[in-house]
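Structure first, then comments.
The values are calculated or read from the model by the stated rules, or taken from the named source; none is laboratory data. This one's a predicted model, so the numbers in the text were calculated from it and none came from an experiment. Glycine gets a Cβ as well: all are built from the backbone with ideal geometry, and neighbour counts include every protein chain shown. The area values use the complete protein model at the heavy-atom level, side chains included, leaving out ligands, DNA and RNA. Shrake-Rupley method; radii C 1.70, N 1.55, O 1.52, S 1.80 Å.
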Amino acid sequence: MAAIATLGSHCALQVLKGARDEGLRSVLVCERSRESLYRRFAFIDEVIAVDSFTEIAGDGAAASALESSGAVLVPHGTLVAQMSHADVEAIRAPVFGNRHILRWESDRDMKERLMREAGLPTPRAVDGPGEISGMTIAKRQGAAGGKGYFVSSSSEEYEKKRARLIADGVISGDERLYLQEYIPGVLAYLQYFYSPLTGTLEFFGVDSRHESDIDGLARIPADSQAPSMAPSFNVIANSAMVLRESLLPRVYEMGESFVEASARLVKPGMNGPFCIEGVYDDEARFTAFEFSARIVAGTNIYMSGSPYTALIHDEPMSMGRRIAREVRLAEAESRLDDVTT
Ligand code: AMP
């Protein structure tokens, strides 16, 4: 019987509960400082304690324990944020979905290339601070979760805010920031699951994010806002959304073209969960500023299913459970190699 493993953070509870719901064994790789949290949950069968998540790469005791647990490792945002591309490639346990595509998520240039290949409308990239003409967002590399991001409308404003974030220790002086046109509108994070077993795409749900301290700024009258403030986009929480039904054809279209583009650029393609992240403007047109090539934490809202999974599955279906089901079905058909890398 297959098992599911994941790192203790991000959406570990959802993923491991999903494993239990599908009758699979659940394995948690856990930093010692967080063990007391995860010991509260009876659906976690095995804990591999580590000082750092990077221990699961290579030849150490944690890597061996993970490999011998027989588990499929489900990657999430913490793995992308804390492990290098080389570390991810060095994990000996099978990784759910496509581990190679995680690099395309972390590298801004590769990310842009994949989004272009998928034909997703994206914000205009700004070549450097000297090119800033309208509202521009400065982003850090990797899955930073929006921490240290800031908006500016001129190169002077950019330099002032950047210097302040460096002085505050939020970003480092040699960090290369990525500049992009800022699109105002309604933010939406579109969650999908693609099954290579059946060749079908499921739209799983949509969430919005609460980001500090940009969200708090809306509650402060303009004349009371400090002019030097560089609000950040640090994700604190997620909440549920449903889209106007008329937007759904385009939602599926974007998901399908993303799956097709991934299959062309990074084999075996976008298998399993992913998310396209962007903004709806005043014409209800979607501009995508990001993708995540793995489960996103916004799926934690839908531990008992979402309005969209209720249309596809006749039982409560979280993304974590859907992953476990894919592993279970693949194992039954001797096709685990088709759902892992
Ligand atoms: P990201 O790391 O790209 O997901 O961005 C973190 C947050 O920054 C998002 O959740 C948005 O609030 C904001 N953001 C990123 N890119 C843009 C953009 N081009 N226009 C507007 N907001 C953005």
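For the range 9-23, check the following and say yes or no: at least one residue is in contact with a helix residue (DSSP H, G or I) (Cβ under 8 Å, 6 or more places away or on another chain), assigned to a strand (DSSP E or B) and open to solvent by 20 Å² or more (accessible area, probe 1.4 Å). No, that holds for no residue.
Any idea which of L179, L190, L201, L165 is part of a strand (DSSP E or B) and over 30 Å from T340 (Cβ atoms)? Walk me through it before giving the result.
Numbers: L190 fails: over 30 Å from T340 (Cβ atoms); L201 fails: over 30 Å from T340 (Cβ atoms); L165 fails: part of a strand (DSSP E or B).
Just a single option satisfies the conditions, and that option is L179.
So that you can scan it fast, the table gives a plain yes or no per residue for (1) within 19 Å of the chain's Cα centre (by Cα); (2) within 16 Å of the ligand (Cβ to nearest atom); (3) assigned to a loop (DSSP other than H, G, I, E, B); (4) closer than 28 Å to R116 by Cα:
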residue: S257; (1), (2), (3), (4): yes, no, no, yes
residue: G269; (1), (2), (3), (4): yes, no, yes, yes
residue: V279; (1), (2), (3), (4): yes, yes, no, yes
residue: D314; (1), (2), (3), (4): no, no, yes, no
residue: A330; (1), (2), (3), (4): no, no, no, no
residue: D337; (1), (2), (3), (4): no, no, no, no
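Residue under question is A226, and the condition is that it be without any contact (Cβ under 8 Å) to a residue 12 or more places away in the chain, in a loop (DSSP other than H, G, I, E, B) and small (G, A, S); does it hold? It is true that A226 is without any contact (Cβ under 8 Å) to a residue 12 or more places away in the chain, in a loop (DSSP other than H, G, I, E, B) and small (G, A, S). Within the range 188-215, the set of residues being within 13 Å of the ligand (Cβ to nearest atom), open to solvent by 10 Å² or more (accessible area, probe 1.4 Å) and of a type outside the set (D, E, K, R) comprises S208, H210, S212, I214.
Among the residues of the range 132-185, the ones that are within 15 Å of the ligand (Cβ to nearest atom), of a type outside the set (G, A, S) and touching a residue at least 40 places away in the same chain (Cβ under 8 Å) come to 19 in all.
When the residues of the range 305-341 are filtered to those that are β-branched (V, I, T) and open to solvent by 20 Å² or more (accessible area, probe 1.4 Å), which remaining residue is nearest to G272 (Cα to Cα)? Break it down into steps so the answer makes sense when it comes.
Initial filter on the range 305-341 (β-branched (V, I, T)): 309, 312, 323, 327, 339-341.
Among the residues that remain, those that are also open to solvent by 20 Å² or more (accessible area, probe 1.4 Å) are: 312, 341.
Working: I312: 16, T341: 11 Å.
The qualifying residue nearest to G272 (Cα to Cα) is T341.
Identify the residue in the range 105-126 that is away from the ligand (no atom under 12 Å from the Cβ) and not in a loop (DSSP other than H, G, I, E, B) and, among all such residues, is surrounded by the fewest Cβ atoms within 10 Å (Cβ to Cβ). Can you show your working first?
Filtering the range 105-126 for residues away from the ligand (no atom under 12 Å from the Cβ) gives 107, 109-110, 113-114, 116-120.
Then drop every residue that is not not in a loop (DSSP other than H, G, I, E, B), which leaves 109-110, 113-114, 116-117.
Working: D109: 10, M110: 15, R113: 14, L114: 23, R116: 12, E117: 16.
Ranking the candidates gives D109 first.
Take the conditions (1) surrounded by 24 or more Cβ atoms within 10 Å (Cβ to Cβ); (2) in contact with a Lys or Arg (Cβ under 7 Å, 6 or more places away or on another chain); I56 misses just one of them, which is (2). Return yes when R244 is basic (K, R), surrounded by fewer than 18 Cβ atoms within 10 Å (Cβ to Cβ) and at pLDDT below 95 and no when it is not. No, not satisfied. The number of residues in the range 282-304 that are among the charged types (D, E, K, R), in a loop (DSSP other than H, G, I, E, B) and open to solvent by less than 40 Å² (accessible area, probe 1.4 Å) comes to 1.
Each row is one residue, and each column tells you yes or no for (1) modelled with pLDDT under 95; (2) among the basic types (K, R); (3) surrounded by 20 or more Cβ atoms within 10 Å (Cβ to Cβ).
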| position | (1), (2), (3) |
| --- | --- |
| G134 | yes, no, no |
| K139 | yes, yes, no |
| G148 | yes, no, yes |
| V151 | yes, no, no |
| S155 | no, no, no |
| R164 | yes, yes, no |
| A167 | yes, no, no |
| D174 | yes, no, no |
